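One structure below.
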Amino acid sequence: MATLAQWKKQIKAQNSSLTKMVDGVSIELTSAEYKKTIDEWAQSSFDQEIAANIKENGGKSPNYAQYRVEAYPSIGDQLDMQYHDSVNGTTTWADAIATVKAKYAKP
Amino acid sequence: MGLTYISTATASGSASLDITSGIDSTYNEYQFHFVNMHPATDNVDFTFQVNASGGSGFNETITSTAIDIYHNEADGATSLGYNGALDQGQGTGYQKLVYDVGADSDQSCSGVVTLYAPASTTYVKHFVTNTNSSYSGNYTMQNLMAGYINTTTAIDEISFKFDSGNIDSGSIHMYGVG
């Protein structure tokens, strides 16, 4: 994963100058606006890369609840698991839920 | 009650699209229709903020709610739920309208932001948004956001941008309702 400084360097290299459209007129960003924008874009890319890594590999995240919602089996599948668990005495459903909870941990 | 066209702002490799004229007391409701906002960078969020009259910068205080609804092209994933990653509680950042928009050549986001009574000096400024996007994971993603800008100062400027990278292309049409 790239560091924040590496993201800044890369985004600067890709955008030697930036413009904004104000009331239909394209205006070059001032040096202060340019620096602020590069900083924001780099921070966003950096945060996104961390989030993508956690989503893929698991870990602690303030967004753990959202990741869990997306990772849990569908309600239909969970009901099917619970039915088979009750008939067979297995723990498929609890295991599936525990796996997701363990992967996306509360910070 | 009907829509009265006011202006169009078109992006062309722009860091932001700012509208700094035409938002006043003429109408009690303004709508901003953004059409096919295409990001230069994959997997980014489309956002907006406002500036109060006489203020400096797009950084007003916002409290908002966020719901997303999605369905993927593979027909295997659907969801409807509150998304706490998109809302703000007295935040001053740009309010997310749509998240994780894809940058493939056929991907973009479109929708409407409705801003109520921006010229009021009595009430906070309510907004409601309804958008759809081509989510980067090949989903259709509808986002419903609402909230208020917690100021009793009139709002007269609005800014739209992606949270990273330029707006490659797209247009925003401003209408007055009345």
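Odds and ends about this structure:
- Two-decimal ratio, chain A, of alpha-carbon radius of gyration to 2.2 N^0.38 Å: 1.71
- Protein-protein interface of the range B:82-102, residues with accessible area decrease of at least 20 Å², isolated chain reference, 1.4 Å probe: B:Asn83, B:Ala85
- For chain B, the per residue solvent-accessible surface stands at 40 Å², with DNA, RNA and ligands left out and a 1.4 Å probe.
- Area accessible to solvent at A:Asp95, 1.4 Å probe radius, in Å²: 80 Å²
- Split the accessible area of the protein assembly as shown by element, probe 1.4 Å, and carbon with sulfur accounts for 52%.
- Exposure rank, largest accessible area first [B:His173, B:His126; 1.4 Å]: B:His126, B:His173
- Chain B and chain A together bury an accessible surface of about 1600 square angstrom, both sides counted, with a 1.4 Å probe and no ligands or nucleic acids included.
- Ranked order, A:Val69, B:Val44 - accessible area, probe 1.4 Å, largest first: A:Val69, B:Val44
- Set the Cα radius of gyration of the range B:3-177 against 2.2 N^0.38 Å, with N its number of residues, and you get 0.99.
- The ellipsoid that matches the Cα gyration tensor of the range B:79-178 has semi-axes, each √(5λ) in whole angstrom, of 26, 16, 13, with the longest given first.
- In the range A:28-44, burial by the other protein chains removes 10 Å² or more of 1.4 Å probe accessible surface, compared with the chain on its own, from A:Glu40, A:Trp41, A:Ser44.
- Radius 14 Å from Cβ of B:Ser169, net charge of other residues (Lys, Arg +1; Asp, Glu -1): -2
- Here, the protein assembly as shown is characterised by an Rg to Rh ratio of 1.02, where Rg is the alpha-carbon radius of gyration and Rh the Kirkwood radius.
- In this structure the range A:6-92 gives 63 Å² per residue of accessible area when probed at 1.4 Å with all protein chains present.
- Of the listed residues B:Val177, B:Val128, the order by accessible area with a 1.4 Å probe, largest first, is B:Val128, B:Val177.
- For B:His38, solvent-accessible area (1.4 Å; no DNA, RNA or ligand), Å²: 30 Å²
- The residues of the range B:1-26 listed by number as losing at least 50 Å² of accessible area in the complex, against the isolated chain and with a 1.4 Å probe, are B:Ala15, B:Asp18.
The values are calculated or read from the model by the stated rules, or taken from the named source; none is laboratory data. Since the model is a prediction, treat every value here as computed from it, not as a measurement. Quick reminder, even Gly has a Cβ in these numbers, built from the backbone with ideal geometry, and neighbours come from all protein chains shown. What goes into the accessible areas is simple: the full protein's heavy atoms, side chains included, and nothing from ligands, DNA or RNA. Shrake-Rupley method; radii C 1.70, N 1.55, O 1.52, S 1.80 Å.
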